[in-house]
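First up is the structure itself, then whatever we jot down about it.
The values are calculated or read from the model by the stated rules, or taken from the named source; none is laboratory data. Being a predicted model, the structure only gives us computed values, none of them experimental. Ideal geometry is used to build each Cβ from the backbone, glycine not excepted, and the neighbour counts take in all protein chains shown.
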């Protein structure tokens with residue numbers, strides 16, 4: 001259903017809701033789904049609370065990438081800007097990346113008196129705990145899934161999937177609990193046994209208030225960092241670890257690319273330990289011009305996209321794909337199902353996974369693209385994000401599902 005039609009239907013039956021989110025980790029100045037969703041839910045006059053662990057329990061790689069300095073002040077700033085309430089809790093620990101909350105969380109949620117509880121990550125510990133007590137709740141729950149096959153690498157995954165199919169999928173299917181897929185993947189159906197009718201898809205997207213083309217910012221940024229206005233700027237922004245292809249990127253950029261254009265690479269993101277030191281050494285020895293920047297707060301990221309001409313992702317998929325496209329930038333990423341689906345609009349290209357030669361070849365082809373063809377791709381990218389992938393509109397799709405879940409729950413209780 002088109003976003004405009006959903007918006008019209010939602011406004012016709014708009015009812016103020018008390019929405020409580022539970023999320024494994026929350027960084028107030030990141031650009032994650034929960035940040036943008038909560039912001040626009042509040043914009044639509046709903047009362048919104050986020051319950052999440054204290055960030056001190058996070059693993060060191062996460063802490064290094066996002067930082068937890070002044071987190072109380074950063075939380076306070078987010079609350080002030082969005083009017084969203086944040087409750088941070090002490091937890092027992094993280095187990096296989098999943099927060100193990102103390103029992104107090106159940107009372108805290110009850111005290112919030114939600115109209116609906118939205119638990120992010122259908123396979124988290126807290127989601128499974130709530131599924132087991134589904135018949136005792138005074139409110140309905142909603143789940144989502146951020147998982148795809150390429151990211152599922154735990155050595156015990158087959159055992160976990162079997163357990164989930166036998167215990168939790170029947171509860172979800174019997175109670176018709178939506179598990180919203182935020183990636184265009186059939187992972188939850190194929191691996192976890194959730195019926196397709198209970199697994200609607202709502203894509204991630206971009207915040208139109210931050211990510212859009214801006215010639216003035218582009219010129220100022222390039223002047224500041226001594227980048228010629230006619231130079232072709234290629235951007236990578238994200239983690240520089242093994243999972244995201246940090247070493248692959250460093251190797252790919254060692255030799256000069258086959259192009260006559262003045263090419264500059266902006267590499268944004270922190271590295272760590274010996275793996276990171278090796279990457280940094282290769283960046284320093286590259287025949288290409290590379291400008292290095294540390295991990296940026298979300299609010300500071302738009303200027304990098306607005307100053308670039310192309311965005312690359314050496315491994316896996318990235319939610320920032322939509323931010324890049326919102327700024328009119330073509331994208332190059334590896335050929336996996338999620339990314340392949342994103343090329344259907346003709347605004348992105350894929351290379352064969354782990355193939356340095358293929359990556360460099362297609363990268364050079366994209367840099368050498370004639371100006372008239374580039375403008376067509378850029379315009380198309382901006383239009384399709386505005387039409388389908390703006391969180392201003394995506395949030396309406398979530399709210400529509402929430403309203404349907406609440407209506408169905410209330411009907412059953414009568």
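A few notes on this one:
- Subset of the stretch 306-320 (residues that are closer than 26 Å to residue 230 by Cβ and modelled with pLDDT under 95): 320
- Some residue of the stretch 207-214 being loosely packed, with under 15 Cβ neighbours inside 10 Å and either within 22 Å of the chain's Cα centre (by Cα) or closer than 30 Å to residue 299 by Cα (or both): yes
- Test: residue in the stretch 132-141 that is crowded, with 21+ Cβ neighbours inside 10 Å and either in the same structural domain as residue 15 (by TED's automatic domain parsing) or part of a helix (DSSP H, G or I) (or both): yes
- Entry remark, the stretch 325-356: residues being closer than 22 Å to residue 257 by Cα and in contact with a strand residue (DSSP E or B) (Cβ under 9 Å, 6 or more places away or on another chain) number 16 in total.
- If you go through the stretch 10-60 and pick out every residue that is crowded, with 16+ Cβ neighbours inside 10 Å, touching a strand residue (DSSP E or B) at 6+ places or on another chain (Cβ under 6 Å) and in a loop (DSSP other than H, G, I, E, B), you end up with 4.
- In the stretch 102-116, the condition of being in the same structural domain as residue 405 (by TED's automatic domain parsing), in contact with a helix residue (DSSP H, G or I) (Cβ under 7 Å, 6 or more places away or on another chain), surrounded by fewer than 16 Cβ atoms within 10 Å (Cβ to Cβ) and closer than 26 Å to residue 412 by Cα is met by no residue.
For every residue, the table says whether it meets (1) without any contact (Cβ under 8 Å) to a residue 24 or more places away in the chain; (2) in the same structural domain as residue 172 (by TED's automatic domain parsing); (3) surrounded by 15 or more Cβ atoms within 10 Å (Cβ to Cβ).
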{"residue": "322", "(1), (2), (3)": "no, no, yes"}
{"residue": "347", "(1), (2), (3)": "no, no, yes"}
{"residue": "352", "(1), (2), (3)": "yes, no, no"}
{"residue": "355", "(1), (2), (3)": "yes, no, yes"}
{"residue": "380", "(1), (2), (3)": "no, no, yes"}
{"residue": "403", "(1), (2), (3)": "no, yes, yes"}
{"residue": "406", "(1), (2), (3)": "no, yes, yes"}
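- Residue check, residue 365 touching a strand residue (DSSP E or B) at 6+ places or on another chain (Cβ under 9 Å), under 28 Å from residue 264 (Cβ atoms), at pLDDT 95 or above and surrounded by fewer than 16 Cβ atoms within 10 Å (Cβ to Cβ): yes
- Applying the set (1) surrounded by fewer than 15 Cβ atoms within 10 Å (Cβ to Cβ); (2) in the same structural domain as residue 123 (by TED's automatic domain parsing); (3) over 23 Å from the mean Cα position of the chain (by Cα) to residue 201 leaves exactly one unmet item: (3).
- Scanning the stretch 83-122 for residues that are part of a loop (DSSP other than H, G, I, E, B) and at pLDDT 95 or above yields 83, 84, 90, 102, 103, 113, 114, 115, 121, 122.
- Top-ranked residue of the stretch 334-345 - restricted to ones that are assigned to a helix (DSSP H, G or I) and in contact (Cβ under 8 Å) with a residue 12 or more places away in the chain, ranked as surrounded by the most Cβ atoms within 10 Å (Cβ to Cβ): 339
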